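Undergrad: After the structure tokens below, expect a handful of questions from me.
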Amino acid sequence: MTASGTILIVEDNEQSIELVKELLEEVGFQTLEAEDADASIRLAKQEHPDLILMDIYMPGKNGYEVSQTLKSNPETQDIPIVAFTALATEKDRQRAEAAGCIGVISKPIDVDTFASTVSSFLLDSQNNTGVLIPTPIFASPALADPEKEFLLKLSHDLQGPIRKIHQFSSWLKKSTAEKLSPEDQGYLKGIDRATQQIQDVLTNALTEFRSSRE
Ligand code: MN
């Protein structure tokens, strides 16, 4: 398959950006990246991409709010937006639709079909300018569960900060190990282990939430 067009990837997870970018560029799309709400609004105005892949859970302004902002601005309102979310519950889909998105792609992505799904969203939007595609894209079994959504958002948003603390403690451990007293080395090891543990807990929680979607 060969695709053309520019896709703006809005996503706060660096690993996810890398994968999505690779899959889209492989088939011929050009990509732009934004890691937060402000950058995505700025890039949408400046570059006017052909389609926006909008992460929903980001620290700060979420993807629904950003979509609404883009849809209410004449400069960006015609850019099709596809919500990109881990928890594609019925409520998520309704909120995405209400925010002006043309569809939802759920995470984790299927690497074999991802690029062609994006491509078909783009083609659909070009054929039906300004028209929402209510089915079958938004049709999905109901699985509204506010507690689960809250825990998913919490786990998701804690990942970034914890990763940064862990990276710093690992670096500190490597670069200063010899200069520290055994007691201080022990503290540092403790922080390193603790942050690793928290990361594992969050990863497990997110995996569980995602698999319970089915
Ligand atoms: Mn995210």
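The values are calculated or read from the model by the stated rules, or taken from the named source; none is laboratory data. Only a predicted model underlies this, so the values are computations on that prediction, with no experimental measurement involved. As a convention, Cβ positions derive from the backbone with ideal geometry for all residues, glycine included, and neighbour counts pool all protein chains shown. For accessibility, only protein heavy atoms count, side chains too; no ligands or nucleic acids. Shrake-Rupley method; radii C 1.70, N 1.55, O 1.52, S 1.80 Å.
Undergrad: Under 30 Å Cα to Cα from LYS91, which lysines show up? Leave out anything in the same chain fewer than 8 places away.
TA: Here the lysines satisfying the reach criterion relative to LYS91 are LYS21, LYS45, LYS61, LYS71, LYS107, LYS148, LYS153.
Undergrad: On to the next question. Using θ = phi - 60° and the Karplus form 6.51 cos²θ - 1.76 cosθ + 1.60, what ³J(HN,Hα) does each residue of the range 35-40 get, whole Hz, x for Gly and Pro?
TA: Taking θ as phi minus 60°, the curve returns 9, 8, 4, 4, 5, 5 Hz for the range 35-40.
Undergrad: Any chance you could get the radius of gyration and Dmax over the Cα atoms of the range 6-127, in Å?
TA: Here Rg and the maximum Cα pair distance are 12.8, 35 Å.
Undergrad: Return the FRET efficiency for the residue pair GLN196, GLU22: r is the Cβ-Cβ distance, R0 is 22 Å, and the value is rounded to the nearest 0.05. Don't jump to the answer; show the numbers that get you there.
TA: Numbers: r = 27 Å, r/R0 = 1.23.
Plugging the Cβ-Cβ distance into 1/(1 + (r/R0)^6) gives 0.20.
Undergrad: For the chain, with all protein chains present and a 1.4 Å probe, just round the carbon and sulfur fraction of the accessible area to a whole percent.
TA: Values: 6220 of 11530 Å².
Here carbon and sulfur together make up 54 percent of the probe-accessible area.
Undergrad: Now for a different question. Regarding the chain, what whole-number volume in Å³ per residue does the convex hull of its Cα atoms give? Walk me through the numbers before you get to the answer.
TA: Numbers: hull volume 28.7 nm³, N = 214.
Looking at the chain, the number lands at 134 Å³ per residue.
Undergrad: Kindly report the accessible area of the chain per residue (heavy atoms of protein chains, probe 1.4 Å, no ligands, DNA or RNA), in Å². All intermediate terms of the calculation are to be shown ahead of the outcome.
TA: On the way: 11530 Å² over 214 residues.
For the chain, the per-residue accessible area is 54 Å².
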